[in-house]
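The values are calculated or read from the model by the stated rules, or taken from the named source; none is laboratory data. This structure is a prediction, so every number in the text was calculated from the model and none was measured. Cβ: placed from backbone, ideal geometry, glycine included. Neighbour counts: every protein chain shown. These accessible areas exclude ligands, DNA and RNA; they are computed on the full protein's heavy atoms, side chains included. Shrake-Rupley method; radii C 1.70, N 1.55, O 1.52, S 1.80 Å.
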Amino acid sequence: MTDVAPTISSAVERLMRRVQDFPSEGVEFCDLTPVLADPEGFGAVVEGLSAGLVPGEVDYVAGLDARGFLLAGAVAMRLHTGVLAVRKSGKLPPPVHSRSYELEYGAATLELPADGLDLTGSRVLVVDDVLATGGTLGAAVGLLEDCGATVAGLSVVLEVPGLGGRDRLTGTPLTCLTVA
């Protein structure tokens, strides 16, 4: 396999959009949408997120609403596995499993369907675009574990250092492709 880290770092540095004071004052939003829109950048990110994993190692790849959906779908295709969309509150019809958590700028809830999806005993890789405070990823881990799954790993494209996200996620293997 080729070393994708320089390609990922280069694509992120060149294409990422930084938005000050969004979604609230004092928060810098790191928007990876332009990276995902670039074929070379997107390819490098997907390869990086799936690096070291082989088909059969996980049963599902879970993507967090919303950019995580794009990443999880592509990684799941590479790993020949199913994909789970971990949704924000109110996007799924009941019944749902839910987990609420705190963000640096408010509170939120993640949900998975409670019917038609049995995760008992499954191994799940969780992917997302950015690790900041770790609240969203931590809630996703808790939600999946509440549903009977084992979270085999966490993979994100970009880590924002200094916000404590990595420290909140101890106990689960974490891969971050680049740092803001």
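Going by the structure shown, is Thr175 closer than 21 Å to Met16 by Cα and part of a helix (DSSP H, G or I)? Quick ask: steps written out before the conclusion?
Values: closer than 21 Å to Met16 by Cα: yes; part of a helix (DSSP H, G or I): no.
Judged against the criteria, Thr175 is not a match.
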Is one or more of the residues making up segment 78-85 touching a helix residue (DSSP H, G or I) at 6+ places or on another chain (Cβ under 6 Å), of a type in the set (Val, Ile, Thr), within 16 Å of Leu144 (Cβ to Cβ) and surrounded by 21 or more Cβ atoms within 10 Å (Cβ to Cβ)?
-> no
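Among the strands (runs of 3 or more DSSP E) lying completely within segment 26-109, list those that include at least 1 residues that are within 20 Å of Gly142 (Cβ to Cβ) and touching an Asp or Glu at 6+ places or on another chain (Cβ under 7 Å).
Because the criterion is at least 1 residues that are within 20 Å of Gly142 (Cβ to Cβ) and touching an Asp or Glu at 6+ places or on another chain (Cβ under 7 Å), the strands (runs of 3 or more DSSP E) in segment 26-109 that meet it are 60-64, 82-88, 96-103.
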Can you work out which of the residues in segment 110-145 that are open to solvent by 30 Å² or more (accessible area, probe 1.4 Å) and among the polar types (S, T, N, Q) is modelled with the highest pLDDT?
-> Thr120
If we scan segment 8-22, do we find a residue that is more than 20 Å from Leu154 (Cβ to Cβ), assigned to a strand (DSSP E or B) and of a type in the set (S, T, N, Q)?
-> yes
Give segment 29-49 a look and list any residue that's touching a residue at least 40 places away in the same chain (Cβ under 8 Å) and either small (Gly, Ala, Ser) or open to solvent by 50 Å² or more (accessible area, probe 1.4 Å) (or both), or say none.
-> Ala44, Gly48
